[in-house]
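The values are calculated or read from the model by the stated rules, or taken from the named source; none is laboratory data. All of these numbers come straight from a predicted model, not from anything done at the bench. Cβ: placed from backbone, ideal geometry, glycine included. Neighbour counts: every protein chain shown. Quick note on the areas: whole protein, heavy atoms, side chains included, nothing else; ligands and nucleic acids left out. Shrake-Rupley method; radii C 1.70, N 1.55, O 1.52, S 1.80 Å.
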Amino acid sequence: MVPGSRRLDPTIIVICREELNWPEAPVGHFPMRALQYRSVKLPARRILLACVLTILAMAGDACADSQDLGIVRRAAEAFARSETSDLPGEVVVEAGTLDQRLQLGACASLQAYLPPGSKLWGRSNVGVRCQHPDRWSIMVPVMVQVMVDALYAARPLSRGQPVVDEDLVVHRVDITQLPAGVLTDRTQATGRIPIVSLAAGLPLRGEQLRGAYVVTHGQSVQIMFPGDGFTVSSEGRALGNAALGEQVLVKAASGKVVKGRASGVGLVEVK
């Protein structure tokens, strides 16, 4: 055995291969065709028998003390489900299968963890490690799907034209496979303005839409200067466009240029 593991010592395989001229095989795999070598001489047969008995005995011990890979897989899956339970939508988690040829020492207590820099979103990995009686660690592939109702363009959307409800269609999709910022509620899109023309069938993202302008360039606006319990107002002219809550420059009647926040139609608040 290899010290600290349950794998067969590759030295045994190499010696047997050299002595009996076995075909190449992965380390730890016994070439069963060697059992059909009936024409080898007696000394070689004895070497063959010794190799077979040694390898089978070691393999038996390894199987008896090996970790159930299904338990490792379920530990990773349970961890991923727990960590993603607060995500919006319907979360579906499935751990991938592990190579059944993998030999790990039986573990009394498994610990699942998220590797540094990893995120349980789409294709990911969960680490599973053992501290006792053996020490080992393995990465288990995990697929995390988040099924939500996402907004799509039901028809071509023109730049600058407000979105109406008929422009939208909802599809149930795995949002982990879509770009970040995809909208999931009709109220996030209706009344907003596409900043670029959008083809039908595309998912809608917040960055593609802006609010309708409540202040437009050249418009006469009311400039509000709120104070402690009072407000002073004056006339001015907008030097740019702004949706509700956006910043805009305005030129006061005195000629001074100030920056304020669009607080309503034709209203700019300066603090």
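Some observations on this one:
- Matching residues, segment 135-160, being touching a Leu at 6+ places or on another chain (Cβ under 8 Å) and either open to solvent by 30 Å² or more (accessible area, probe 1.4 Å) or among the aromatic types (Phe, Trp, Tyr) (or both): 136, 152, 154, 156
- Matching residues in segment 215-232 - criterion: being surrounded by 14 or more Cβ atoms within 10 Å (Cβ to Cβ) and not in a loop (DSSP other than H, G, I, E, B): 215, 221, 222, 223, 224, 225
- Of all the numbered requirements in (1) among the small types (Gly, Ala, Ser); (2) more than 18 Å from residue 269 (Cα to Cα); (3) in contact with a Lys or Arg (Cβ under 9 Å, 6 or more places away or on another chain), residue 191 misses one, and that requirement is (3).
- Meets criteria (among the basic types (Lys, Arg), at pLDDT 95 or above and open to solvent by 50 Å² or more (accessible area, probe 1.4 Å)) for residue 192: no
- Some residue of segment 45-62 being basic (Lys, Arg) and modelled with pLDDT of 90 or more: no
- Checked against the criterion of being touching an Asp or Glu at 6+ places or on another chain (Cβ under 8 Å) and modelled with pLDDT of 95 or more, the candidates 249, 204, 151 yield just one match: 151.
- Scanning segment 100-132 for residues that are part of a loop (DSSP other than H, G, I, E, B) and over 23 Å from the mean Cα position of the chain (by Cα) yields a count of 10.
- Residue in segment 191-198 that is part of a loop (DSSP other than H, G, I, E, B), touching a residue at least 12 places away in the same chain (Cβ under 8 Å) and out of contact with any strand residue (DSSP E or B) (no Cβ under 7 Å at 6 or more places or on another chain) present: yes
- Scope segment 199-214; condition under 23 Å from residue 260 (Cα atoms) and outside any loop (DSSP other than H, G, I, E, B); matching residues: 207, 209, 210, 213, 214
- Applying the condition of being of a type in the set (Gly, Ala, Ser) and surrounded by fewer than 16 Cβ atoms within 10 Å (Cβ to Cβ) to segment 253-271 and asking which residue is nearest to residue 222 (Cα to Cα) yields 266.
- Of all residues in segment 104-134, those that are open to solvent by less than 30 Å² (accessible area, probe 1.4 Å) and of a type in the set (A, V, I, L, M) total 5.
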